[in-house]
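Q: Here it is: the structure, laid out below.
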Amino acid sequence: MNFHEVRFPASLSFGSVGGPERRTDIVTLANGFEERNTPWAHSRRRYDAGLGMRSLDDIQTLIAFFEARQGQMYGFRWKDWSDYKSCAASAEVDKGDQVIGQGDGVTTEFQLVKTYASGGVGYVRPIVKPVLGTVKVGLDQDEAREGVDFEVDLNLGLIQFAVPPAEGVEVTAGFEFDVPVRFDTDRIQVSVASFQAGDVPNVPVVEVRV
């Protein structure tokens with residue numbers, strides 16, 4: 001697909017507003033009960049990049065990035081400052097943060113995931129854009145070595161082992177990650193006078209499936 005492996009400047013995404021979006025179809029029955037269904041297995045995130053603009057230099061950086069992506073044409077990486085690590089926001093990434101699979105003696109490839117749990121229910125989110133140099137992997141709490149025991153596909157979020165983990169071995173991982181997004185508009189409108197008065201441009205960004 002049309003995707004550039006470049007991150008939107010993290011200093012500009014800091015201060016943006018956004019988060020996960022779900023789609024739920026609700027039908028109210030004659031007896032007042034509801035039937036609820038969703039066509040989406042995974043949530044989709046939306047952000048407003050305009051809120052991170054603090055100076056005219058920031059605006060110029062935004063426009064250059066927008067033009068290089070040709071508007072909505074090419075996707076890019078986005079750092080979601082509210083959710084960019086496999087662990088709690090105040091913690092450091094550790095190899096045991098997330099369980100990503102169980103060894104069976106055959107499988108050599110495992111997808112990075114992050115599990116969101118609450119009230120005994122969990123949602124498993126595939127992580128497809130890990131950040132270079134942040135991925136740690138554990139095998140039954142023993143740390144594996146990148147470049148020796150495993151490789152990371154930074155474009156798809158896959159861990160590829162040189163030797164398949166033995167049967168029953170718990171495969172865990174810790175990492176930082178980006179969200180694959182694109183601009184949700186083909187137009188950016190900026191008024192210098194309005195911006196200097198505190199009115200920032202609206203720059204919608206939406207997550208894409210990769």
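Q: Multiplying the sequence separation of Gln196 and Arg145 by 0.36 nm and subtracting their Cα-Cα distance, what value in nm do you get?
A: Contour length minus Cα-Cα distance gives 13.3 nm.
Q: With contacts defined as alpha carbon pairs under 8 Å and 6 or more residues apart, what's the relative contact order of region 86-177 in percent?
A: Value for region 86-177: 43 percent.
Q: Okay, moving on. Of all the accessible heavy-atom surface of the chain, with the other protein chains kept in place and a 1.4 Å probe, what percent is carbon and sulfur?
A: Carbon and sulfur atoms account for 49 percent of the accessible area of the chain.
Q: Can you pull out the trypsin sites (Lys or Arg not before Pro) in region 1-109 whose DSSP state is coil and whose Cβ has at most 11 other Cβ atoms within 10 Å?
A: Arg22, Arg23
Q: Can you list residues from other chains, or at least 5 along the same chain, whose modelled amide H is less than 5 Å from the amide H of Lys114?
A: Distant-sequence amide H within range of Lys114: Arg125, Ile127.
Q: For the chain, what is the number of Lys pairs with C-alpha distance below 13 angstrom, counting only pairs 8 or more positions apart or on separate chains?
A: 8
Q: Same structure, new question: Are there GluC sites (Glu not before Pro) in region 153-210 that DSSP puts in a loop and that have at most 12 other Cβ atoms within 10 Å, and which ones? Working shown, then result.
A: Numbers: sites: Glu167, Glu170, Glu176, Glu207; in loops: Glu167.
Filter output for region 153-210: Glu167.
Q: Computed over the Cα atoms of region 108-210, what is the convex hull's projected area averaged over all directions, in nm²? The partial results should precede the final answer.
A: On the way: hull surface 41.6 nm².
Reported value for the Cα convex hull: 10.4 nm².
Q: Please report Rg over Rh for the chain, where both radii come from the alpha carbon positions and Rh follows the Kirkwood definition. Spell out each step's value before the answer.
A: Values: Rg = 20.2 Å, Rh = 19.3 Å.
For the chain, the value is 1.05.
Q: Dipole magnitude of the chain about its Cα centre, charges +1 at Lys/Arg Cβ and -1 at Asp/Glu Cβ only, in debye to the nearest 20?
A: Here the chain has a charge dipole of around 740 debye.
Q: Same structure again: Tell me the relative contact order for the chain as a rounded percent, counting alpha carbon contacts under 8 Å between residues six or more apart.
A: With pairs under 8 Å counted, the relative contact order is 25 percent.
Q: If you average 1/r over every pair of different alpha-carbon atoms in region 72-153 and take one over that average, what Kirkwood value in Å do you get?
A: After inverting the mean inverse Cα-Cα distance, the result is 14.6 Å.
Q: Mind giving me the FRET efficiency for Gln160 and Tyr74? R0 is 30 Å, r the Cβ-Cβ distance, nearest 0.05 is fine.
A: Here the calculated transfer efficiency is 0.70.
Q: Considering only C-alpha atoms, what is the centroid distance from region 181-206 to region 77-135, in Å?
A: First find each Cα centre; the distance between them is then 32 Å.
Q: Here is a further query. Each residue of region 58-67 in turn: what ³J(HN,Hα) in whole Hz from Karplus with 6.51, -1.76, 1.60 and θ = phi - 60°, glycine and Pro shown as x?
A: Residue by residue, region 58-67 yields 4, 4, 5, 4, 4, 5, 4, 5, 4, 5 Hz.
Q: With r as the distance between the Cβ atoms of Gln111 and Arg23 and R0 = 22 Å, compute the FRET efficiency 1/(1 + (r/R0)^6) and round to 0.05.
A: About 0.45, to the nearest 0.05.
Q: Let me ask something else. Hey, what do the phi angles of region 181-189 turn into as Karplus ³J(HN,Hα) couplings, whole Hz, using 6.51/-1.76/1.60 and θ = phi - 60°, x for Gly and Pro?
A: Karplus values, whole Hz, x for Gly and Pro: 9, 9, 5, 9, 7, 9, 9, 10, 10.
Q: How much mean residue ellipticity at 222 nm does the chain get from its helices, if each DSSP H run of length 4 or more adds -39500 (n - 2.57) and you divide by all residues, to the nearest 500 deg cm²/dmol?
A: Result for the chain, helices only: -2500 deg cm²/dmol.
The values are calculated or read from the model by the stated rules, or taken from the named source; none is laboratory data. All values reported here derive from a predicted model rather than from experimental measurement. Glycine also receives a Cβ, built like all others from the backbone with ideal geometry; neighbour counts cover every protein chain displayed. The protein model used for the area step is the full one, side chains on, heavy atoms only, and it has no ligands, DNA or RNA in it. Shrake-Rupley method; radii C 1.70, N 1.55, O 1.52, S 1.80 Å.
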